[in-house]
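Let me begin by presenting the structure, written as structure tokens, before commenting on it.
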Number of protein chains: 2
Amino acid sequence: MSSVVVPESVPSPADDCEQLRVAFAGWGTNEKLIISILGHRTATQRQLIRKTYFELYGEDLLKSLDSELSGDFERALLLWTLDPAERDALMANQALRRWNPEDRVLIEIACARSSEELFFIRRAYHARFKRSFEEDVAQHTTGDFRKLLVPLVSSYRYDGPEVNMHMAKLEAKTMKDVINDKAFNHEELIRILSTRSKAQLNATLNNYKDEFGMQINNDLKGDPEEKFQSAVRAVVKCITKPQNYFEKTLRLAIVKLGTDEVALTRVVVTRADVDMKDIKVEYHKRNSTPLDRAIASDTSGDYKNLLLTLIGHGDI
Amino acid sequence: MSSVVVPESVPSPADDCEQLRVAFAGWGTNEKLIISILGHRTATQRQLIRKTYFELYGEDLLKSLDSELSGDFERALLLWTLDPAERDALMANQALRRWNPEDRVLIEIACARSSEELFFIRRAYHARFKRSFEEDVAQHTTGDFRKLLVPLVSSYRYDGPEVNMHMAKLEAKTMKDVINDKAFNHEELIRILSTRSKAQLNATLNNYKDEFGMQINNDLKGDPEEKFQSAVRAVVKCITKPQNYFEKTLRLAIVKLGTDEVALTRVVVTRADVDMKDIKVEYHKRNSTPLDRAIASDTSGDYKNLLLTLIGHGDI
């Protein structure tokens with residue numbers, strides 16, 4: 001569930017825009033006022049504000065924000081204000097231009113979005129970059145990563161609940177065999193992970209555990225230097241247990257010496273609208289400290305206020 | 001351009017449905033009346049008729065047609081009446097269930113439709129088969145064909161006119177090198193064919209011809225027993241010269257001893273709404289005989305009448 005707290009009576013987009021202009025006016029910028037508006041609106045409401053803002057003032061709201069703000073706060077608020085598909089297209093493109101095999105952005109976008117969402121991201125990628133998403137993935141990645149990532153970002157998985165138990169059993173065995181052989185780049189493993197529906201994959205992996213006595217994720221654990229193997233593990237986690245995956249990503253971003261603001265921002269802005277409530281529960285359970293306290297002690301200023309607002313701190 | 005002749009004043013969908021009921025009534029079926037309606041309506045109009053028919057009579061029009069008709073005429077009319085995306089999903093599924101490497105249905109669907117059309121086909125495939133298109137392609141094909149077909153059916157090419165001439169030059173060279181080596185399954189060749197926009201591929205192949213003095217299609221010609229090489233050639237033709245490709249498919253279907261009704265029907269029903277006018281010009285030029293005469297002398301009865309109606313015979 002979303003963690004965004006929307007007021008019972010939402011001002012009109014025109015009223016919101018007027019307040020944003022007030023926040024931008026004069027010498028200083030009223031960041032608190034900006035957060036109190038944009039931090040409490042759904043994705044659809046934010047898009048309507050952006051559209052109305054352009055109609056009223058002839059300028060893209062993102063441009064206005066860009067000229068008023070700076071640092072982590074600016075980056076987080078810009079990403080938050082973007083339409084989710086456009087935001088993912090943008091993050092994907094940035095990840096591709098400085099591609100590194102440990103970056104998880106592409107895997108998150110390909111595996112932790114719905115099929116329709118992934119398609120809208122591909123459409124937004126066309127509009128913004130005049131190229132296709134898979135075209136850039138194929139061009140900027142190589143070897144095993146390319147074999148894995150191109151089908152993942154091109155997938156349009158069936159998203160119904162139907163499950164074929166016989167197939168689940170067969171493919172659990174296939175997966176176990178290739179993992180036993182440490183053939184993590186095996187084309188059958190990639191085929192199963194990149195084409196099966198999430199319901200079918202969950203059935204397959206439940207069968208895997210029942211049949212072989214171990215979660216697939218334990219079998220995929222290995223030397224962190226084995227970057228491709230780690231990527232396959234991230235794919236499995238993003239598909240089958242996205243809340244656990246994002247809880248861990250937050251944990252690592254926060255415990256890191258110096259905090260990983262890029263990852264922290266990304267998880268908060270991409271999940272606040274989706275399942276941040278569940279991620280918070282998972283975080284508290286796993287770390288014995290609530291997520292808002294962890295974020296509050298690791299960040300500061302407007303950036304801290306925005307993140308806490310997005311995860312619903314103090315409003316419930 | 002479409003070859004379908006739509007009357008200047010189109011009856012309402014309800015009127016069309018009523019006339020169809022008249023055609024179905026009594027002992028015999030009035031095939032001529034059916035053709036005079038459905039053979040002169042655009043895809044959108046046919047979908048509206050089908051929807052209205054269901055609302056009025058509580059039965060799917062396709063079911064009614066199915067119970068009234070038979071043979072090649074039935075098959076052609078059913079395919080024609082289907083929504084184009086649903087029709088392609090159906091033909092793709094049939095091709096996959098009895099997959100054979102010489103069948104060109106999957107290549108036509110993946111390469112001779114627009115990016116948006118291909119996406120709608122994938123969506124129709126979900127709705128109808130509770131599985132994804134690429135999932136079935138990956139499961140039913142093997143080896144090099146799988147490596148080629150999965151990315152092709154999963155592609156969502158950028159469809160703008162922008163072209164990068166430097167890239168065109170580089171990739172023409174890459175293609176020439178792998179073709180010289182007869183490495184038709186090379187991953188770079190597949191990457192280029194399955195991810196680049198059609199405008200970019202045309203630029204690349206023009207460069208290929210200018211630089212190396214020979215059309216790529218001549219370089220790809222080979223023993224017809226080399227089935228994968230032939231498939232790559234069909235991909236190139238479907239992407240860059242669909243009218244030529246379909247002209248040749250029609251020619252082979254007609255000159256074949258006994259006529260290949262499956263191919264003839266497929267090309268007519270899938271292209272009548274799209275570019276059959278251009279294919280007819282191409283056909284006449286290449287065969288010194290007009291397409292309608294060739295079809296008329298090779299087919300008969302209601303099947304003949306339907307095909308001739310769809311290609312615009314006698315109405316212009």
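The values are calculated or read from the model by the stated rules, or taken from the named source; none is laboratory data. What you see is a predicted model; the values in this text were computed from it and never measured. Note: ideal-geometry Cβ built from the backbone for every residue, glycine included; neighbour counts use all protein chains shown. What goes into the accessible areas is simple: the full protein's heavy atoms, side chains included, and nothing from ligands, DNA or RNA. Shrake-Rupley method; radii C 1.70, N 1.55, O 1.52, S 1.80 Å.
Could you check, for the range A:110-132, whether at least one of its residues is surrounded by fewer than 17 Cβ atoms within 10 Å (Cβ to Cβ), assigned to a helix (DSSP H, G or I) and under 16 Å from the mean Cα position of the chain (by Cα)? Checking the range A:110-132: at least one residue is surrounded by fewer than 17 Cβ atoms within 10 Å (Cβ to Cβ), assigned to a helix (DSSP H, G or I) and under 16 Å from the mean Cα position of the chain (by Cα). Could you list, in sequence order, the residues of the range A:171-197 that are buried (at least 17 other Cβ atoms within 10 Å of the Cβ), over 23 Å from the mean Cα position of the chain (by Cα) and not in a helix (DSSP H, G or I)? Hits for the range A:171-197 are A:PHE184, A:HIS186.
Considering only the range B:133-142, I want to know if a residue exists there that is out of contact with any helix residue (DSSP H, G or I) (no Cβ under 6 Å at 6 or more places or on another chain), more than 26 Å from B:PRO224 (Cβ to Cβ), within 12 Å of chain A (Cβ to nearest Cβ) and surrounded by fewer than 16 Cβ atoms within 10 Å (Cβ to Cβ). Lay out the reasoning, then the answer.
If we filter the range B:133-142 for residues that are out of contact with any helix residue (DSSP H, G or I) (no Cβ under 6 Å at 6 or more places or on another chain), which is where we start, we get B:139, B:142.
Narrowing further to those that are more than 26 Å from B:PRO224 (Cβ to Cβ): B:139.
Among the residues that remain, those that are also within 12 Å of chain A (Cβ to nearest Cβ) are: B:139.
Subsequent filtering for residues that are surrounded by fewer than 16 Cβ atoms within 10 Å (Cβ to Cβ) retains none.
No, there is no match, as no residue in the range B:133-142 is out of contact with any helix residue (DSSP H, G or I) (no Cβ under 6 Å at 6 or more places or on another chain), more than 26 Å from B:PRO224 (Cβ to Cβ), within 12 Å of chain A (Cβ to nearest Cβ) and surrounded by fewer than 16 Cβ atoms within 10 Å (Cβ to Cβ).
Just one of (1) in a helix (DSSP H, G or I); (2) open to solvent by 30 Å² or more (accessible area, probe 1.4 Å); (3) within 14 Å of chain B (Cβ to nearest Cβ); (4) closer than 21 Å to B:PHE129 by Cα fails for A:GLN200. It is (2). When each of B:GLY222, B:GLY258 is tested for being open to solvent by 50 Å² or more (accessible area, probe 1.4 Å), over 28 Å from B:GLU8 (Cα atoms) and not acidic (Asp, Glu), the lone residue that passes is B:GLY258. Screening the candidates A:LYS209, A:LYS237 for the property of being at pLDDT 95 or above, more than 14 Å from every other protein chain (Cβ to nearest Cβ) and open to solvent by 70 Å² or more (accessible area, probe 1.4 Å) yields one hit, A:LYS209. Within the range A:43-82, the set of residues being outside any helix (DSSP H, G or I) and crowded, with 17+ Cβ neighbours inside 10 Å comprises A:LEU69, A:LEU82.
For the range B:261-278, name all the residues that are of a type in the set (A, V, I, L, M) and open to solvent by 40 Å² or more (accessible area, probe 1.4 Å). Scanning the range B:261-278 gives B:VAL262, B:VAL274. Hey, among B:ASP159, B:ASP144, which residue is outside the structural domain of B:VAL235 (by TED's automatic domain parsing), modelled with pLDDT of 95 or more and part of a loop (DSSP other than H, G, I, E, B)? Going through B:ASP159, B:ASP144 in turn, just one is outside the structural domain of B:VAL235 (by TED's automatic domain parsing), modelled with pLDDT of 95 or more and part of a loop (DSSP other than H, G, I, E, B): B:ASP159. Here is the figure for the range B:18-28: residues that are part of a loop (DSSP other than H, G, I, E, B) and closer than 18 Å to B:TYR57 by Cα total 2.
Filtered by the rule that a residue be among the aliphatic types (A, V, I, L, M) and either open to solvent by less than 50 Å² (accessible area, probe 1.4 Å) or out of contact with any helix residue (DSSP H, G or I) (no Cβ under 8 Å at 6 or more places or on another chain) (or both), the range A:18-39 gives A:LEU20, A:ALA23, A:ALA25, A:LEU33, A:ILE34, A:ILE35, A:ILE37, A:LEU38. Determine if the range A:246-269 includes at least one residue that is of a type in the set (A, V, I, L, M), more than 19 Å from A:GLU102 (Cβ to Cβ) and either more than 19 Å from the chain's Cα centre (by Cα) or outside the structural domain of A:LEU201 (by TED's automatic domain parsing) (or both). Scanning the range A:246-269 turns up at least one residue that is of a type in the set (A, V, I, L, M), more than 19 Å from A:GLU102 (Cβ to Cβ) and either more than 19 Å from the chain's Cα centre (by Cα) or outside the structural domain of A:LEU201 (by TED's automatic domain parsing) (or both). When B:ARG123, B:ARG128, B:ARG157 are checked against the criterion of being touching a Phe, Trp or Tyr at 6+ places or on another chain (Cβ under 8 Å), within 13 Å of chain A (Cβ to nearest Cβ) and in contact (Cβ under 8 Å) with a residue 24 or more places away in the chain, a single residue qualifies: B:ARG123. Within the range A:260-283, one or more residues are touching a residue at least 60 places away in the same chain (Cβ under 8 Å) and hydroxyl-bearing (Ser, Thr, Tyr).
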